[in-house]
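Undergrad: Below is a structure I'd like to ask you about.
The values are calculated or read from the model by the stated rules, or taken from the named source; none is laboratory data. Predicted model, so just to flag it, every value in this text is computed and none were measured. Here the Cβ positions follow ideal geometry from the backbone for every residue, glycine too, while neighbour counts run over all protein chains shown. Keep in mind that these areas ignore ligands, DNA and RNA; they rest on the heavy atoms of the full protein, side chains included. Shrake-Rupley method; radii C 1.70, N 1.55, O 1.52, S 1.80 Å.
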Amino acid sequence: MDVGQLQRQFIDYTASLFREGFLDDQFTQLRKLQDENNPDFVFEVVSLFFDDSEKLVNNMAKALEQPIVEFEQVDAHVHQFKGSSSSIGAHRVKNVCAAFRGFCEQQNSDGLEQQIIAAGGSIPMVE
Amino acid sequence: MEKMGFGNVTSTSKTMKIIDTEKQIYVLIVEDDLLIQKIHKAMMTKFGTEVQLAANGKEAVELFLSGAYFDLILTDLEMPIMDGIEATKQLRSMGVTSMIVGVTSRNQDSEIQAFMNAGLNACYVKPLNAEKVTVVLNELKNI
């Protein structure tokens, strides 16, 4: 596979992420911030986002497995996740977070667990 | 509520414009989240401003107490040690007349109004983007 093909695949893949609603205009704006003074900006912010996301989703999952679930604590993690996902242009994640908050308000554990799994996390099994 | 502030964000302000100003604009970004710090700093730098960071309201107040000056303060609401409301109140009571703009994830009218009442010039819901920055910097230029 030559470089040209890889580049086209990359462009097509990125376009599909926008088309399917994974990314929104905010991500486009972040790409414009990358320049010769900041050549790795997109990679750096996306890496930071993935690291933060992993921690937040794990924290949410652990909070949900407590004998008495503190929904305010879960909501605090979701709130932070919503802020960072909207700032990076992770459109679907942002929308999932909005739904999360609804379940937190209702104190609906099953709904929250489903959202965590849908977002790519896992629920630790309590023995 | 999307925002409370200077006027409508329009489609004509979508492209990033370097605001033509003779004076260097100094911006303080008050934000505890490292990812948001990085994004907001890059955005404001791209618009030609000189940016400094503070991780919470207390750091922001201490910067002013040490004699620092900023034309514009962009502050988050929820931060450890000292939040945006308390920091804004303290800065205004110290006589700081710089433009202070809130940028928050909170979007309830009551929450934004409480933040505004602390002494903000305007408040926007995250994310900060080129359109919002353009409106803010144009407003700053007109002061």
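Undergrad: What's the number of the only condition in (1) away from chain B (no Cβ under 14 Å); (2) in contact with a His (Cβ under 8 Å, 6 or more places away or on another chain); (3) touching a residue at least 24 places away in the same chain (Cβ under 8 Å) that A:A63 fails to meet?
TA: (3)
Undergrad: Another question, then. Look through the range A:1-21, keep the residues that are open to solvent by less than 80 Å² (accessible area, probe 1.4 Å) and under 23 Å from the mean Cα position of the chain (by Cα), and return whichever of them is nearest to A:S85 (Cα to Cα).
TA: The extreme case among them is A:G21.
Undergrad: Restricting to the range B:51-101, name every residue that is in contact with a Leu (Cβ under 7 Å, 6 or more places away or on another chain) and of a type in the set (D, E, K, R).
TA: Within the range B:51-101, B:D71, B:D83 qualify.
Undergrad: Of all residues in the range A:26-44, how many are facing chain B (nearest Cβ under 8 Å), in a helix (DSSP H, G or I) and either open to solvent by less than 80 Å² (accessible area, probe 1.4 Å) or among the hydrophobic types (A, V, I, L, M, F, W, C) (or both)?
TA: So the answer is 5.
Undergrad: Which of the strands (runs of 3 or more DSSP E) contained wholly in the range B:40-143 include at least 2 residues that are open to solvent by 20 Å² or more (accessible area, probe 1.4 Å)?
TA: Those strands (runs of 3 or more DSSP E) span B:50-54.
Undergrad: Let me ask something additional. I'd like the full set of residues that are without any contact (Cβ under 8 Å) to a residue 40 or more places away in the chain and more than 12 Å from every other protein chain (Cβ to nearest Cβ), limited to the range A:76-94.
TA: A:H77
Undergrad: Can you go through B:F64, B:F6 and tell me which one is in contact with a helix residue (DSSP H, G or I) (Cβ under 7 Å, 6 or more places away or on another chain), of a type in the set (F, W, Y) and at pLDDT 95 or above?
TA: Matching residue, one of B:F64, B:F6: B:F64.
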